[in-house]
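Input: a single structure, listed below in structure tokens.
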Amino acid sequence: MHASLASLYGEHLDTLQERTRVALERGGFDHLVVPSGEIHYQVFDDRDYPYAVNPQFKAWLPLTRNPGSWLIATPGAKPRLLYLQPHDYWHVVPEAPAGFWVDHFEIEVIRTPEEAQQFLPRDPGRCAILGEPRSRLGPYVPNNPQLVVDYLDYHRATKTRYEIGMMREATRNGVRAHAAAERAFRAGASEFEIHLAYCQAAGQDANDLPYNNIVALNGHGAVLHYTERDRTPPERSLSFLIDAGAGHAGYACDITRTYASDTGSEFQGLVDAVDAAEQRLCGKVRAGTDYREIHLAAHLEMATILRDAGILDMAPESALETGVSAKFFPHGIGHYIGLQVHDVGGFLASDQGGTIDKPDGHPYLRLTRTLEPGAVVTIEPGIYFADLLMAELRASEHAGAVDWGKVDAFRPYGGIRIEDDVLCTVDEPANLTREGFTELG
């Protein structure tokens with residue numbers, strides 16, 4: 001970790017302490033107590049699921065592999081960490097706490113999960129305990145008080161400078177892996193082989209990555225969450241869509257790219273058009289902008305591309321109004337990103353709760369708030385030739401506005417999606433993804 005980022009950690013904790021003070025005051029609690037989470041075992045088996053740290057815990061600490069630990073934050077006091085370091089010969093025992101963060105905490109090393117009770121606040125009723133039900137320990141049962149959760153979730157949309165630094169590090173891992181994946185695609189690899197090349201370049205396996213990689217060749221690119229990863233390469237690889245992220249210290253990046261094997265093809269022309277439109281949309285990530293308006297602008301952009309390509313004979317505004325554009329672009333333009341890929345608070349009307357509705361006819365948008373400096377969002381427009389949606393369109397009253405010959409010609413390519421992570425600032429937006437690719441060279 002760079003020293004400049006380490007120096008920002010104290011500032012980050014000061015921000016969390018102040019947010020916690022207000023949240024506890026609103027909820028009527030004295031302490032914030034956050035378990036790191038527990039290991040889950042599969043039913044009727046002794047195999048455990050991959051451990052996933054509680055996001056409320058890793059907001060404070062760069063610890064992602066420490067089940068059974070606890071954080072205690074009390075206004076006016078140094079935060080306390082109960083660090084589980086068990087006596088164990090079956091598994092690797094976590095090393096003693098070390099690093100840039102340790103001086104910011106009072107640390108108690110515990111050897112069994114039950115030992116945490118002697119260090120937790122005496123009255124569980126005065127604690128806002130944020131976690132999943134299975135993290136209960138005696139009388140310390142996660143209560144997830146809504147007033148506290150809403151306040152913290154709302155303000156988590158605004159990233160500290162430390163968090164932006166962590167996300168830039170995650171992006172460096174991601175763009176390096178994306179470059180390796182493209183090389184594997186152009187060398188004729190299978191989806192599974194491309195996935196392995198990605199993981200190797202990122203230095204992360206499936207349990208480390210922030211989400212399940214989408215590695216789609218040819219028509220598989222029309223499946224929005226395609227994760228099958230064929231082991232055998234197709235006879236001919238026409239196109240490649242990869243939606244894959246990487247992590248760093250609990251933070252995530254989320255990047256999508258689409259490639260054509262024939263860079264002179266008509267499909268490559270569509271990819272280039274979507275890429276250019278995506279960059280224009282990234283430019284709209286400005287303080288004071290209603291994110292819903294970016295989503296609707298994306299529909300107009302995609303409909304314009306379809307019209308200019310001769311696929312759709314309809315004004316972009318009409319395509320949006322009638323829902324035709326949604327048959328080619330069926331998902332939302334993006335979401336918050338940070339500690340979680342789909343970060344929290346996207347619909348909150350204020351830090352006291354409430355909901356900001358999605359635009360009518362757009363049920364899959366994951367963010368409806370007005371952007372503020374410090375927010376990081378994804379911008380991910382796309383055009384897809386999905387059999388189900390094309391069949392619905394063909395059966396509709398608008399079928400005559402579509403050149404079905406062109407649709408059929410593009411079906412083998414699946415679809416196109418381009419996605420960047422963009423930081424809203426007080427001035428020009430900062431495209432973390434494009435910066436990462438530029439740095440990679």
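Pairs of alpha-carbon atoms within less than 8 angstrom and 6+ residues apart define the contacts here; what relative contact order does the stretch 283-381 have, in percent?
Working: 141 pairs, mean separation 35.8, N = 99.
Rounded, it is 36 percent for the stretch 283-381.
Could you give the dipole magnitude of the stretch 338-441 about its Cα centre, charging the beta-carbon of Lys and Arg +1 and that of Asp and Glu -1, in debye to the nearest 20? The dipole magnitude comes to about 360 debye.
Taken one residue at a time, the phi angles of the stretch 22-29 give Karplus couplings (6.51, -1.76, 1.60, θ = phi - 60°) of 5, 4, 5, 4, 5, x, x, 10 Hz. Gly and Pro are set to x.
When the chain is treated as a GNM with alpha-carbon contacts under 10 Å, the residue of G174, G269, G99 showing the greatest mean-square fluctuation is G99. The alpha-carbon of K78 sits under 25 angstrom from the alpha-carbons of these lysines, leaving out residues fewer than 8 places away in its chain: K58, K159. Taking G247, G354, G165 in turn, the Gaussian network model of the chain (Cα-Cα springs below 10 Å) assigns the largest fluctuation to G354. Near T370, the amide H atoms lying under 5 Å from its own belong to Y291; only residues 5 or more places off or on other chains count, and H is placed 1.01 Å from N.
The mean accessible area for residues of the chain, using a 1.4 Å probe and ignoring ligands and nucleic acids, is 44 Å² per residue. Between P233, P35, P139, the residue with the greatest mean-square fluctuation in the GNM of the chain (Cα pairs under 10 Å linked by springs) is P139. Among the GluC sites (Glu not before Pro) in the stretch 61-115, those placed in a DSSP loop whose Cβ has at most 16 other Cβ atoms within 10 Å are E95.
Surface listing: K358, K406, K58 arranged by accessible area from highest to lowest gives K358, K406, K58, probe 1.4 Å. Placing +1 on each Lys and Arg Cβ and -1 on each Asp and Glu Cβ, with no other charges, gives the stretch 62-136 a dipole about its Cα centre of roughly 240 debye.
Since only I333, Q204, T433 are under comparison, the one whose Cα sits farthest along the positive direction of the charge dipole of the chain, derived from C-beta charges on Lys, Arg, Asp and Glu, is Q204.
Suppose every Lys and Arg Cβ carries +1 and every Asp and Glu Cβ carries -1, with no other charges. What dipole size does the chain come out with about its Cα centre, to the nearest 20 debye?
My answer is approximately 540 debye.
Split the accessible area of the stretch 68-198 by element, probe 1.4 Å, and carbon with sulfur accounts for 52%.
Choose one of T289, I110, P35: the residue whose Cα lies farthest towards the positive end of the charge dipole of the chain (beta-carbon charges +1 Lys, Arg; -1 Asp, Glu; about the Cα centre). Result: I110.
Taking amide H as placed 1.01 Å from N in the peptide plane, Y211 has its amide H under 5 Å from the amide H of G245, each at least 5 places away in sequence or on another chain.
Distance between the C-alpha centres of the stretch 193-216 and the stretch 64-92: 29 Å, rounded to the whole angstrom.
The values are calculated or read from the model by the stated rules, or taken from the named source; none is laboratory data. Treat the numbers as computed from the prediction; the structure is a model and nothing was measured. Cβ coordinates were reconstructed from backbone atoms using ideal geometry, including for glycine residues, and neighbour counts include every protein chain displayed. Ligands, DNA and RNA are stripped out before the accessible areas are found, and what is left, the full protein with its side chains, is counted by its heavy atoms. Shrake-Rupley method; radii C 1.70, N 1.55, O 1.52, S 1.80 Å.
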